[in-house]
Amino acid sequence: MRILISALILACGTAHAQPADEELSEMGTRVLDREALGQERPVRAPTMENVLSRKRQDLSGEWRYLIDPMRAGLRKGNARRDFWRDRVADPRGDLIEYEWDSAPTINVPGDWNAQIEQLRWYEDLLWYRHTFDAKPKPGHRYFLHFEGASYKTYPHLNGEELPMHEGGFTPFEYEVTDLLRAGDNSLVVAVDARHGRQSVPGDYTDWKNYGGITRPVHLVEVPETFIRDYRVSLSEDRAAIEIEVHLDGPDAGETDVALTLGGIAAAERTRGDGTVMLRLERGDLALWSPQTPALHPFTVRTEADAVDDRIGLRDVDVQGTQVLLNGKPIFIRGISLHEEALGEIGTRAMDDDAVRALLRHAKDLNANFVRLAHYPHNERMVRVAEEMGLMVWSEVPIYWEVIDYSSPYTMALARRMQAASIHRDYNRANIVVWSVANETPITDPRNAFLGVLMDDARAIGGDRMISAALNKAEKDGDQITVTDPLGAELDLLAVNEYEGWYGSRKLDQVPDVRWSSIYDKPMMFSEFGAGALHGYRERDATIRWSEDYQAEFYAKTLEMVEQVPNLVGISPWVLKDFRSPRRWHGRFQDYWNRKGLISETGERKVAFDVLADWYERKAEE
Ligand code: GCU
């Protein structure tokens, strides 16, 4: 299953104007034209590869902020509140009703919910301002790069408005070469956490909608002609390595590119469009796997630019009902998790240490796989998982029935979001699944909408399995059959199941449940779980919310798992308790989803060892 990325058509995804609400009702039934939409492959996100390894000024730190729940600042034309002009009032001059230098401060990166008590549940508009010193050099170009901000971002640099970005979980950037000043620069950014009926995700989720500039912001310096991106792919027979490099700038064509991977060198001259394909023999370069997560030093350079990376090489295939990694069948010992750091409050902001602290628990579970639910996590999460030998399920937030599957606007947005995620992580060997959805309704509009996303992921996503977490199955007593038509197009079937937690089935009936599907494909459970408050113990394991119930749920569910034909893995829900506005129970939840195997501060529940022991035995099979 090898798809070589062709030189992508960098046609911009046509951004549709968001339709007025009254249009939405009739649009709910429209089935988008998958074939026509497939004619224009989405642009890979216009962000350069591997920003973290480039010359950059990290703009993290204390920024000023103003809260704007009436969204006054977006109503242009009133000098009293033109925050982006960053004006200083003349006490005898015109009335200005803001003053940045006396505004309070907030840390960037970081959601405002965790940092400011009065904004704990705020999901509207907030303005940031940061001033920074720059020394732009002639013959260089400058990009303002956001690793992520949620949900809509309106940047302004030195009083100039930059295009609004929509999407809370993928990087975006702007070339600011002509706007940057020598000396002091003023960056004013409005972030709107509000989701609507056309947004992705929709306006109803089982996780907290953290708002703000949640990931770092960088000012990146590159030469006039620079290395925009590179794509490393292992050939089907695992003997050769194909590397596509794409330069950007006036001298992109007919330019010499040299690279080394694991000490093996190659060099070629780019074509007129600035792209070049180089091919190496793998030789004895070690393959990446959970047991041996080998990463090889990689450098690509031109006369003017050079980018370093660490690259893993591996091959994923589906053969019949098995998943093969590097030609050998694997069993996925997974765990699902949200992008939320350990801690009593709950925050989206995660630096390297926070990522390592969380993924350590996954390794202690004897896991070899993490489902990064339900949206693209920050880049560190993927890279640290790669170093640790954890395969990754990467997902776009096409979540539940609240997505408008009939809307061209939402379709274009979802495509750009998926392309941005794929573009950022294409070279991460540990990503083995691109998931296009979670628990979506079986309707014609949804089938067409997800069909477009699957076609895109297959075209630009490289050597991965395409999947989606399904949750609509046909139940007949103890027999449950997966018949979702989407299954016909997935490489890997994945099912969320909660027998013994949701619904009427009792724990002692769970081992009698028999699963099957109408497809002759590998299948995994992408979710199962039960809630428990850490520290709440009961002798009677049938009492909900106790750690004992959760442990019994896992024991009974694992008995059921062992009966499922073609099962290639599980990724239980969920590693850590996480914030959710839908979890109200005062004694047991307190606005936390308590299906974690560890509490929000990392305390292990009894079920942790039930799964860890089962995985340890599975690993020895
Ligand atoms: C669903 C959903 C999760 C949710 C979980 C739950 O399966 O995919 O996002 O948190 O159920 O009910 O806890």
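The values are calculated or read from the model by the stated rules, or taken from the named source; none is laboratory data. Remember, predicted model here, so these are calculated numbers, not experimental data. Side chains included, ligands, DNA and RNA excluded: accessible areas come from the protein's heavy atoms. Shrake-Rupley method; radii C 1.70, N 1.55, O 1.52, S 1.80 Å.
Structural remarks
- Counting only protein heavy atoms and using a 1.4 Å probe, the accessible area of residue 512 comes to about 80 Å².
- Accessible area expressed per residue, the range 121-260, with surrounding protein chains retained (probe 1.4 Å, Å²): 30
- Within the chain, the ratio Rg/Rh, alpha carbon atoms throughout and Rh by Kirkwood, equals 0.97.
- Value of [θ]222 nm, deg cm²/dmol, for the chain, DSSP H segments ≥ 4, -39500 (n - 2.57) each, nearest 500: -5000 deg cm²/dmol
- Scalar couplings 3J(HN,Hα) for the range 359-374, obtained by applying the Karplus form with A = 6.51, B = -1.76, C = 1.60 to θ = phi - 60°, are 5, 4, 5, 5, 5, 5, 7, 6, 7, 10, 7, 10, 8, 7, 8, 10 Hz; x denotes Gly and Pro.
- Sequence of 129, 34, 514, 85 when ordered by accessible area, the most exposed leading, probe 1.4 angstrom: 85, 514, 34, 129
- All lysines inside 24 Å of residue 137 as judged from Cα atoms, apart from same-chain residues fewer than 8 positions distant: 55
- Under 5 Å from the amide H of residue 578 lie the amide H atoms of 593, 595, 596, each residue being 5 or more positions distant or on a separate chain, with H modelled from the backbone and absent for Pro and chain starts.
- Excluding same-chain neighbours fewer than eight residues apart, the lysines reachable from residue 76 by a Cα-Cα span under 27 Å are 152.
- Counting only protein heavy atoms and using a 1.4 Å probe, the accessible area of residue 475 comes to about 130 Å².
- Qualifying lysines (Cα of each under 29 Å from Cα of residue 605; at least 8 residues distant if same chain): 208, 363, 506, 556, 576, 595, 618
- Ranked from largest to smallest solvent-accessible area, with a 1.4 Å probe on the protein heavy atoms, 371, 181, 64 come out as 181, 64, 371.
- Figure note: 287, 125 ranked by solvent-accessible area, largest first, 1.4 Å probe, ligands and nucleic acids not counted: 287, 125.
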